[in-house]
Amino acid sequence: MPKRKFIGIPFPALIGLIVFILFAIGVLAGPLGRSIVGDIGLPSWISVPQPRPELPAERIFINSPFLTNSLVAAWITVAFLIGFSLIVKRRSKMVPDRLQAAFEFLLGWLYDFCVSAAGEKNGRRFFPIVATIFLYVAFNAWMGLVPGYGTITAPGYAFHEGHWVDATVHLIRPANTDINTPLAIAIISVLFAQFYGFKELKLRYVLKFLNISTFFRGLGEVFKGKIGSGLSTVLTGLIEIFIGFLELLSEFIHIISFTFRLFGNMTAGEMLLLVAAFLIPWVFALPFYGLEMLIGFLQALIFAGLTLIFLTLAVTSHSEEH
């Protein structure tokens, strides 16, 4: 089969030539090229402005902590997932098309993942939570790669030297790079674990954090004159109380680790893209977009997977663990 050509050049070679030209222009337009060959008079729109990363989410239009650019991005993700699901549901057929097949494959894979880790009963219960967290985290990360995120500006307020000041801010910022979004998902994840743990084990789940029965049993033995065995039981009870305190502390540590793992990886990825696009505009940043898509998938899988593990441990009694 003859290769397609354009003005006598095969398409693969033409694409490679275009990429090389854009890369060369990016090198000359970026600060690295200008530091070597100087300013050769390229148009200003070719260059990318120096990145100005802001850790606090910027407020848009009005000085309100509730209307931030990261919240707008979170709403866009929610609207996209709802709209996409409704479209797939409305177009569903007995013989699925490619879109329906891809969506069913993703949900089927997530369901099998839940069942394999938690069993049929618990996997079916935990699937909606785990799937929602996975899709939300993943699409927050992937939609942050869409042109317009971090580039479209609007009047608003930025945090500068301890104060909110008038500034031109980004209209949309990837939601995962605002620490409030990972924190909210982490709190929801841990709260669901406590809910299912108490629902399944009742009082036994509370004793996981407040196991004082052994301590008081030991005191009873001491008062009855069994000094040796009573003191040994009291010591064991104190150890169990301390372990319960560590168990309670670990639930708060889960929130912190969840939050900063996702926030750190997503923020570092955003800064990497901004710096790469600034140093050499155009095609140089494209490989990093692919890397960020992979990182977004992995972070969503880690967040959802750890949520599934903690949900499973919450409904498992100590005797079953042993």
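The values are calculated or read from the model by the stated rules, or taken from the named source; none is laboratory data. Computed from a predicted model, the values in this text were never measured in an experiment. Backbone-built Cβ (ideal geometry, glycine too); neighbour counts: all protein chains shown. The accessibility values were calculated without ligands, DNA or RNA, using every heavy atom of the protein model including side chains. Shrake-Rupley method; radii C 1.70, N 1.55, O 1.52, S 1.80 Å.
Quick grid of which residues meet (1) farther than 30 Å from residue 191 by Cβ; (2) touching a strand residue (DSSP E or B) at 6+ places or on another chain (Cβ under 8 Å); (3) among the aromatic types (Phe, Trp, Tyr):
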{"site": "43", "(1), (2), (3)": "yes, no, no"}
{"site": "50", "(1), (2), (3)": "yes, no, no"}
{"site": "55", "(1), (2), (3)": "no, no, no"}
{"site": "84", "(1), (2), (3)": "no, no, yes"}
{"site": "92", "(1), (2), (3)": "yes, no, no"}
{"site": "112", "(1), (2), (3)": "no, no, no"}
{"site": "118", "(1), (2), (3)": "no, no, no"}
{"site": "137", "(1), (2), (3)": "no, no, no"}
{"site": "144", "(1), (2), (3)": "no, no, no"}
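Checked against the criterion of being touching a Phe, Trp or Tyr at 6+ places or on another chain (Cβ under 9 Å), part of a helix (DSSP H, G or I) and either open to solvent by 80 Å² or more (accessible area, probe 1.4 Å) or within 30 Å of residue 71 (Cα to Cα) (or both), the candidates 250, 189 yield just one match: 189.
Exactly one condition in (1) more than 23 Å from residue 269 (Cα to Cα); (2) in contact (Cβ under 8 Å) with a residue 60 or more places away in the chain; (3) open to solvent by 70 Å² or more (accessible area, probe 1.4 Å) is not met by residue 161; state its number. All conditions pass for residue 161, except number (2).
Residue pairs whose Cβ atoms lie under 9 Å apart, sitting 6 or more positions apart in sequence or on different chains, and linking a residue in segment 202-221 that is on the phi < 0 side of the Ramachandran plot and assigned to a helix (DSSP H, G or I) to a partner that is surrounded by 13 or more Cβ atoms within 10 Å (Cβ to Cβ) and of a type in the set (Asp, Glu), are 213/240; 214/240; 215/240.
Among the numbered conditions (1) touching a residue at least 60 places away in the same chain (Cβ under 8 Å); (2) exposed (fewer than 15 other Cβ atoms within 10 Å of the Cβ), tell me where residue 106 comes up short. Single failed check for residue 106: (1).
Taking residues in segment 30-44 that are among the β-branched types (Val, Ile, Thr), and partners anywhere that are surrounded by 13 or more Cβ atoms within 10 Å (Cβ to Cβ), the pairs with Cβ atoms closer than 8 Å and at least 6 places apart or on different chains are 37/28; 40/28.
Take residue 86 and decide whether it is open to solvent by 60 Å² or more (accessible area, probe 1.4 Å), closer than 27 Å to residue 172 by Cβ, part of a helix (DSSP H, G or I) and not hydroxyl-bearing (Ser, Thr, Tyr). Full working, then the answer.
Values: open to solvent by 60 Å² or more (accessible area, probe 1.4 Å): yes; closer than 27 Å to residue 172 by Cβ: yes; part of a helix (DSSP H, G or I): yes; not hydroxyl-bearing (Ser, Thr, Tyr): yes.
Yes, satisfied.
Answer yes if at least one residue in segment 273-285 is without any contact (Cβ under 8 Å) to a residue 24 or more places away in the chain and surrounded by fewer than 18 Cβ atoms within 10 Å (Cβ to Cβ), and no otherwise. No, every residue in segment 273-285 fails to be without any contact (Cβ under 8 Å) to a residue 24 or more places away in the chain and surrounded by fewer than 18 Cβ atoms within 10 Å (Cβ to Cβ).
When you scan segment 134-145, do you find a residue that is open to solvent by 90 Å² or more (accessible area, probe 1.4 Å) and either assigned to a helix (DSSP H, G or I) or touching a helix residue (DSSP H, G or I) at 6+ places or on another chain (Cβ under 7 Å) (or both), even just one? No, the conditions are met nowhere in segment 134-145. Among the residues examined, residue 301 qualifies as in contact (Cβ under 8 Å) with a residue 60 or more places away in the chain, open to solvent by 30 Å² or more (accessible area, probe 1.4 Å) and in a helix (DSSP H, G or I).
Residue 152 meets all of the listed conditions (1) aliphatic (A, V, I, L, M); (2) open to solvent by 60 Å² or more (accessible area, probe 1.4 Å); (3) in contact (Cβ under 8 Å) with a residue 60 or more places away in the chain; (4) touching a strand residue (DSSP E or B) at 6+ places or on another chain (Cβ under 8 Å) but one, namely (3).
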